[in-house]
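Written below as structure tokens is the structure these notes are about.
What follows draws every value from the coordinates through simple rules; no lab data is involved. Remember, it's a predicted structure, so these values are computed and weren't measured experimentally. When we count neighbours, we look across all protein chains shown, and the Cβ atoms used for this are built from the backbone with ideal geometry, even at glycine.
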Amino acid sequence: MKKNFILFLIFALAVITIAEFIGFQRIPLGPIAINLLPLVFAILITMVLGMAIFRKGIFKKIYSEKNVSFAGKYLIFIMLPLMARYGADVAPKLQEILQIGWIFLIQEIGNLGTVLLGLPVAIFLGLRREAIGATLGLGREGELAYISEKYTLDSDEGRGVLSLYIIGTLFGAVFFSIFAPIMLHLGFRVEALAMASGMGSGSMMTAASSSLAASMPGMESTIIAYASASQLLTSFLGTFTMVFLAVPLQQLMYKLMVRGEKPWKKAA
């Protein structure tokens, strides 16, 4: 097992090195340019090599259940230096951020979009109690902790939030690194998109804000500061938004859409 872990660390270092050598890539698509960060390439490499067709021999040892579990469990510690960097980015723009502080608070209501938009779609696709875990939020640490404490991850709700957590980890950063500059070229203000980048996920926020900064290098400091401030607020206020707004709203909508079944009944 120790040998597998050493291989895992060497593999992680190799992927990071390859991604950094590839560097930042800008792909023009007509009037829209898609900005791909080294982070995106690192995710893509690990995704492809983690597929069943490649997970053989040495890669089977690298992607062992224990190594995968370790990576997920200690991801938060890896993100702590990034959180410290957020604070440093916010400080120079603090006065400007405070002047529009109420907008940052109101935009937290946008976290309810996963319930308002996602729950009906999930029910339509045939999901039931899995939809409760999958649509409570973006499936980051807050939602994962709430659902696991209330139902355990072995429940239908737990499988729903865990599935979304995995999908977000694999595809979230790739999606938002492409989606953010597309929205910018469609006419959305860069400040609004920077604020929207702080969605509660460090990797997704970094991908989205960095792509925006690459599209508008003259506003890089403002974009990073707005995204960082929004991320900090989402991490802090997101739990309260989830518990006091998202949960009751989801309960009401689930009752209306799925007749004869009581949602949020605590698992045995």
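Ranked by the mean number of other Cβ atoms within 10 Å per residue, highest first, peptides 107-116, 210-219 order as 210-219, 107-116. Per-residue extension of 0.36 nm, minus the Cα-Cα distance of A52 and M219, leaves a gain of 55.9 nm for this segment.
Only Lys, Arg, Asp and Glu count, each charged at its Cβ (+1, +1, -1, -1), so figure out the dipole size of the range 108-264 about its Cα centre, rounded to 20 debye.
Numbers: 9 positive and 11 negative charges, 79 e Å.
For the range 108-264, the charge dipole is close to 380 debye.
Under the criterion of Cα pairs below 8 Å and six or more residues apart, the relative contact order for the range 93-260 equals 25 percent. Taking the alpha carbon gyration tensor of the range 93-260, multiplying each eigenvalue by 5 and rooting it gives semi-axes of 30, 16, 14 Å, largest first.
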